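The values are calculated or read from the model by the stated rules, or taken from the named source; none is laboratory data. Predicted, not measured: the structure shown is a model, and the values here were computed from it. We place every Cβ from the backbone using ideal geometry, glycine too, and count neighbours over all the protein chains shown. What goes into the accessible areas is simple: the full protein's heavy atoms, side chains included, and nothing from ligands, DNA or RNA. Shrake-Rupley method; radii C 1.70, N 1.55, O 1.52, S 1.80 Å.
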Amino acid sequence: MSGSLATRRAADGQLRRETEPMKVFEGIRVVEMASYLFVPAAGAILADWGADVIKIEHPKRPDPMRNLVVAEMSSGDEAFDAIMHQSNRGKRGIGLDVSEEAGHEVFGRLVRDADVFLTNLLPESRHRLGVDVDDLRRLNPQIVYACGSG
């Protein structure tokens, strides 16, 4: 049996639990510009499955989930934001203001090399920042554009 299941049959015939998920998305690069939980959780699962996920946050106004702290889960003076950690595990991150020319240029380089773009920005924000589907397809015609909304 392949390792794609939660368990696999060992040589002795016994079922064994897999210790790590199969990396079926290894080699896939994902650029994520999303906040809160819904879309970032999808990015975390892609990272679990081996994708290289790069989360973009504004340097002065990061993902609001960073401020949601679960009581009694902190050690010392450091707040522990469990939900932020859960929905952003396995990702790399960059603080980038895409509304500025230099930030948008860096964003463009990331998108040109990406396979997938994840966002949950509202349509007006996507248009204003130049990160709507047509904008990204001009940079990378093959990109998979995934937009989550409520």
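Cβ-Cβ under 8 Å, sequence separation 6+ or interchain: first residue in region 28-52 and hydroxyl-bearing (Ser, Thr, Tyr), partner assigned to a strand (DSSP E or B). Which pairs?
Pairs found: Ser35/Glu57.
Each row is one residue, and each column tells you yes or no for (1) of a type in the set (Gly, Ala, Ser); (2) modelled with pLDDT of 75 or more.
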site: Ala10; (1), (2): yes, no
site: Gly13; (1), (2): yes, no
site: Gly27; (1), (2): yes, yes
site: Ser35; (1), (2): yes, yes
site: Phe38; (1), (2): no, yes
site: Ala44; (1), (2): yes, yes
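Only residues in region 98-123 that are within 14 Å of Pro59 (Cβ to Cβ) count as the first member; pair them with residues that are among the acidic types (Asp, Glu), Cβ under 8 angstrom, at least 6 apart or cross-chain, and list the lot.
From residues that are within 14 Å of Pro59 (Cβ to Cβ), the pairs are Gly103/Asp97.
Restricting to region 15-25, name every residue that is open to solvent by less than 90 Å² (accessible area, probe 1.4 Å) and either modelled with pLDDT under 70 or of a type in the set (Lys, Arg) (or both).
Selection gives Glu18, Pro21, Lys23.
Scan region 131-150 for residues that are of a type outside the set (Asp, Glu) and either free of Cβ contacts under 8 Å to residues at least 24 places away in the same chain or touching a helix residue (DSSP H, G or I) at 6+ places or on another chain (Cβ under 6 Å) (or both) and jot them down. Break it down stepwise before answering.
As a first pass, look at region 131-150 and keep what is of a type outside the set (Asp, Glu): 131, 133, 136-150.
Within region 131-150, Val133, Leu136, Arg137, Arg138, Leu139, Asn140, Pro141, Ile143, Tyr145, Gly148 meet the criteria.
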